Amino acid sequence: MIDSRVRTTVLLALLTVLIIWVGDLMGGRQGMYIALILAFVMNIGSYWFSDKIVLAMYHAQPIEEQDNPGLYRIVRELTSEAGLPMPSIYIIPEETPNAFATGRNPEHAAVAVTEGIMRILTPDEIKGVLAHELGHVRNRDILVSSIAATLAGAIMILASMARWAAIFGGRSSDDDEGGGFIGLIVTAVLAPIAATLIQLAISRSREYLADETGAHLAHNPEGLARALEKLAMASERMPMDANPSTAHMFIVNPLSGKSFASLFSTHPPIEERIRRLRSMR
């Protein structure tokens, strides 16, 4: 768990350094500050309202305890173990088994599971999945991903500025502050790729951390390991019609039935996640 947190800190630091470097290439800090402010404003809305947006996107329906007492009992046990308030619980009318958690903090958290996941998993496996999702809540991963999105977004804005600067003449090669035309090209092409890779690496690191947290909360790493095996196979057979921008939220990549390079995946390899979980026994 410590390793995953350290890795996230290092990756966020790399994003910060990348912003500073790109800002210098653009000719100083003023452009960097403007891009950072714009990215922050764009992402603050996502941070505050992402739960409502994504739940509505997947037509998730809130349920009460009388609707599914077994599901509520498992969530109540896990939140008690984690020291978390009881989240809202939603059912997604979707046969592909999957689940996600959302909410800006533990007091405004929601856990959503598909109808399909309730059909194929045993109670122990469902407990492992819910423990993983509550691990995201406990680790405040929505906040972490929002910070990463803000930093990466600032780099994207700077890259866009660099492209326009290159189109309209850019800087002279002897500009003392900026990196000249070469600096503009590097900023416009390489910086967004680097920012995307770092942001995806952060997402993968948080998945490992949620697996570890969930295994401890459920006191049963094998339940989550078995669940991941079943969910991965089901996702390969019938991938969800999911929005790629929300793929990182699900416990397994809902788009995994499609062709994605592992380097650009929002999730670590399932085999490695299962291996880590089973090594915890």
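Quick look at the values:
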item	result
Options L190, L143; residue that is at pLDDT 75 or above, assigned to a helix (DSSP H, G or I) and more than 23 Å from T246 (Cβ to Cβ)	L190
The listed residue being modelled with pLDDT under 85 and touching a Ser or Thr at 6+ places or on another chain (Cβ under 6 Å), out of S235, S205, S256, S245	S256
Condition broken by I91, with the remaining ones in (1) part of a helix (DSSP H, G or I); (2) at pLDDT 75 or above satisfied	(1)
Sole exception among (1) buried (at least 20 other Cβ atoms within 10 Å of the Cβ); (2) touching a strand residue (DSSP E or B) at 6+ places or on another chain (Cβ under 7 Å) for H132, by number	(2)
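The values are calculated or read from the model by the stated rules, or taken from the named source; none is laboratory data. A quick note: this is a predicted structure, and the numbers were derived from the prediction, not measured. Positions of Cβ are backbone-derived with ideal geometry, glycine not excepted, and every protein chain shown enters the neighbour counts.
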